[in-house]
């Protein structure tokens, strides 16, 4: 779309390294569209600059694009812990992360975040949820008690190709999971929340 091109032409460039990572993601990985990409990547970096977190949690590493985008905005001494349940993707992603100037900020964890995160004695300043849509409610319930007051959760894909407003088949567990998540967050008075219609929907949640 012409408007999409206009937007990308009038924001910060993604940089050559991320551009090459994006191209490699599309060529070598299935479902390459799951990577955050230029616009969302620049937004993630900007939000990190604004929030200035010391401890960042990412659920869903995939090709590392979003982790590297957020790491660009981190201050010295900060850490980003990214979790990926599919171990077969590590061979692709780890070299990209470790080869980046921002890789020093990123710690990779392979396994189920619902099992691993509760074992860590960490209070998070910012969490980015972009993993199994069926488990968004469980992720949220796991993170919120471990999120500092005034901390943020960013939840990706919360508009889910527009299907979020439709009646769906019982077998469409991903859409159902997102519908339950959106309904729960909307009713949760422990947080402030807003949905941005960016790409596939990004919900910004602040713990009161």
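The values are calculated or read from the model by the stated rules, or taken from the named source; none is laboratory data. Being a predicted model, the structure only gives us computed values, none of them experimental. Neighbour counts run over all protein chains shown; Cβ positions are idealised from the backbone, glycine included.
In the set (1) surrounded by 13 or more Cβ atoms within 10 Å (Cβ to Cβ); (2) within 17 Å of the chain's Cα centre (by Cα); (3) part of a strand (DSSP E or B), residue 177 fails one condition alone, (3). Got at least one residue in the stretch 95-106 being in a loop (DSSP other than H, G, I, E, B), closer than 21 Å to residue 193 by Cα, touching a helix residue (DSSP H, G or I) at 6+ places or on another chain (Cβ under 8 Å) and at pLDDT 95 or above? Taking every residue of the stretch 95-106 in turn, none turns out to be in a loop (DSSP other than H, G, I, E, B), closer than 21 Å to residue 193 by Cα, touching a helix residue (DSSP H, G or I) at 6+ places or on another chain (Cβ under 8 Å) and at pLDDT 95 or above. Kindly check whether there is at least one residue in the stretch 141-164 that is without any contact (Cβ under 8 Å) to a residue 24 or more places away in the chain and surrounded by 14 or more Cβ atoms within 10 Å (Cβ to Cβ). Yes - at least one qualifying residue is present in the stretch 141-164. Each residue in the stretch 111-132 was checked for being crowded, with 21+ Cβ neighbours inside 10 Å and assigned to a helix (DSSP H, G or I), and 2 pass. For the stretch 180-203, the criterion of being part of a helix (DSSP H, G or I), under 18 Å from the mean Cα position of the chain (by Cα) and surrounded by fewer than 14 Cβ atoms within 10 Å (Cβ to Cβ) is met by no residue.
All of 75, 16 fail the test of being loosely packed, with under 14 Cβ neighbours inside 10 Å, under 13 Å from residue 102 (Cβ atoms) and at pLDDT 95 or above, apart from 75. Among the listed residues 65, 31, identify the single one that is surrounded by fewer than 13 Cβ atoms within 10 Å (Cβ to Cβ) and under 15 Å from residue 130 (Cβ atoms). Going through 65, 31 in turn, the sole match is 31. The condition (being in contact (Cβ under 8 Å) with a residue 60 or more places away in the chain, more than 17 Å from residue 142 (Cα to Cα) and in contact with a strand residue (DSSP E or B) (Cβ under 7 Å, 6 or more places away or on another chain)) is satisfied by just one residue among 198, 202: 202.
Scanning the stretch 137-174 for residues that are farther than 24 Å from residue 36 by Cα and part of a strand (DSSP E or B) turns up 148, 149, 150.
Considering only residues in the stretch 155-175 that are out of contact with any helix residue (DSSP H, G or I) (no Cβ under 7 Å at 6 or more places or on another chain) and modelled with pLDDT of 95 or more, the one that is farthest from residue 59 (Cα to Cα) turns out to be 159. The set of residues in the stretch 25-61 being over 19 Å from residue 147 (Cα atoms) and at pLDDT 95 or above consists of 38, 39, 40, 41, 42, 43, 45, 46, 61.
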